[in-house]
Amino acid sequence: MKTFRARITSLFLFLIGCSVLGTGFFLALLLHSSYIDSLSSRLTKESKMIAETIEWDGSESDLASLQQEIKAFGDTLEAHVTLYNVQGKVLGDSTNSKSNDELEAEWEQIRSQSNGSEVITIPKSDELIAAVPVIHDEKKVGVVRISSPLDEVNQSLSQVWLSLAGGLIIAYALAAFASSRVASSVTRPLEEMTQVAVDIAQKRFHRRVKEDGKDEIGRLGRAINRMAHSLQFQMETIRKSERRLTSVIESMESGLLMVNARGRVSIANKSFERQFGAKPSEIVGVPYDEIQTTFDLCSLISRCAQTGTRIREEIHLHYPVERILEANLAPMWVESNGIGVVAVFHDLTAIRRLEQMRKDFVANVSHELRTPITSIRGFSETLLDGAMQDPDTCQEFLKIILEESIRLQRLVGDLLDLSTIESKQMAMNFEQLSIASFLQNITKTLDEQARNKEQTLRVEIKEDFQIRMDPDRLKQIVLNLVSNAIAYTPAGGEIRVQVDQEEKDWILVVSDTGMGIPEEDLGRIFERFYRVDKARSRESGGTGLGLAIVKHLVEEYEGEIKVTSKMGEGTTFTIWFSKE
């Protein structure tokens, strides 16, 4: 396949060759015609001159002198001169180079073409002949025939053809050089544009064409540059949109699955993997009915695609973890060859758990409030029915009413504190505290309670240091943890409060040698009203909100709390607080 440059060069050479050959052919014909005309004119003039000059009356008396005179004319004019009488007899010939038969044949040709005294020119392939009648006393007495060979004409034409051939070769060489330069100047920007177009097709949009000139090629280059810039801008916009869309899809908490009209998965995000355990890299491009999950997604997708209607269902998964999902499936009508399906799965596990926790909270609050209120009401009614008359019974009942009122007050107070902490409306009054003196003041109020249960309460501090915290809130944390430890530790047990510091944090550890917490309950002990041993908790007078308050206060300080426990060996609460 010829290149565009080769085609332009060939076209130039063809056109120049044709023009040179045409010009040479025309010039050769023109020169040949010019030579013939010039020679014919010369021969005619010379033959007329001879006819007018020769002194001959038509007689054949002195043929020798006539022959001599004809020969002299031939030598002088360098031509072949022949004299015929009216009967066609040769009376004189300057060269005697032709036979009588040839001369007679020429006479017949002259006679057949003659018309009175008209001059006759007879062109032949090898010579040119002119014949003029000889007039004596106004009477035609003979014919002077003069001829000249065409060798000079043919030689001149040969030189012309040689010149034309040389000119053609030179013209071809110049044309090849010029056409190569012209073709190069035309095709170089076209080749560059072609390469830029190939780069654009291969998504290399940074390439540009040199914008030289104001002709059509220059305008084409500028148009390609504008197109490349526009494509680059559009592709960057598309890539940005694609990255944003990918980021949105991957950061979605809801699982996303998109099935095209051919029934193959086109998009699946990380949330879908977390929910169903199917990796996007393994299912994209796979038919949706081949996805291995614990739930039958195939039936939902098929129903949505076949009916072309939205589907909303709540599904319950048990693997890889137990989840409650809301499945929303909608048909995609944008597919040109069918209906696709987009499925979004919202995780309702936390919502359902919160709803259950709210129900449990309401039930627990109702239960916790109902017990002291029932006691107060019952004993009050008993007193009003006549028990006041018995001093001992009255005092006992009033004591019980007081204890239940205190318990009710403590419960309401804990609920208000927990509500205030969770609403982030709790005021913090930070102070510089000595950790040693602070813990000693708190434990003084708990020593008597521990001694009454025959327990040992120890405070261990390696070295005193300063902390910056709200004393009331820190006291609330320590009192709740130590009170719980005392309540759940049998007689003879030990409760330890240990404090240590690290580079950026300080650590508070409250441990006991009590009954311990079952492993299955460790994850729920910070829930409101959750009790490991409900009967023992009620005997201790606890509200079931202490550990919840502790957890929220620690989080308010941006700290971290962990609990470890073994049944029959005891429980340890460890809290990390930042020094800053």
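Laboratory data are not the source of any read-out in this text; all were calculated from the coordinates shown. Since this is a predicted model, take the numbers as computed values, not measurements. Cβ coordinates were reconstructed from backbone atoms using ideal geometry, including for glycine residues, and neighbour counts include every protein chain displayed.
In debye to the nearest 20, how big a dipole does the range 184-276 give about its Cα centre with +1 on each Lys and Arg Cβ and -1 on each Asp and Glu Cβ?
Working: 18 positive and 12 negative charges, 29 e Å.
Computed about the Cα centre, the dipole is about 140 debye.
Provide Lys444, Lys45 in ascending order of the number of other Cβ atoms located within 10 Å of each residue's Cβ, fewest first.
Lys444, Lys45
With charges set only on the Cβ (+1 for Lys and Arg, -1 for Asp and Glu), what does the dipole of the range 203-251 come to about its Cα centre, in debye to the nearest 20? Before the final figure, lay out the partial values.
Details: 13 positive and 7 negative charges, 19 e Å.
Value, rounded to 20: 100 debye.
Would you list Asp93, Asp62, Asp137 from fewest to most Cβ contacts within 10 Å?
Ordered by Cβ neighbours within 10 Å, fewest first: Asp137, Asp62, Asp93.
Charges at C-beta only: +1 for Lys and Arg, -1 for Asp and Glu. How large is the resulting dipole of the range 427-578 about its Cα centre, in Debye rounded to 20?
Dipole of the range 427-578, to the nearest 20 debye: 540 debye.
For the pairs Lys359/Lys551; Lys475/Lys579; Lys203/Lys270; Lys504/Lys566, flag any whose C-alpha to C-alpha distance is greater than 26 Å.
Lys203/Lys270; Lys504/Lys566
Arrange His318, His346 by Cβ neighbour counts within 10 Å, fewest through most, would you?
Working: His318 9, His346 18.
Listed from fewest to most nearby Cβ atoms, that is His318, His346.
With point charges of +1 on the Cβ of Lys and Arg and -1 on the Cβ of Asp and Glu, referenced to the Cα centre of the range 427-578, which listed residue (Val499, Gln449, Phe430) lies farthest in the positive direction of the dipole?
Toward the positive end, the furthest listed residue is Gln449.
Suppose the chain between Val198 and Glu396 were pulled fully straight at 0.36 nm per residue; how much longer would it get relative to their current alpha carbon spacing?
Going from the current span to full extension adds 61.2 nm.
Scan around Val286 for amide H atoms under 5 Å from its own, H built in the peptide plane at 1.01 Å from N, and keep only partners 5 or more places away or cross-chain.
Residues meeting the amide H criterion: Val265.
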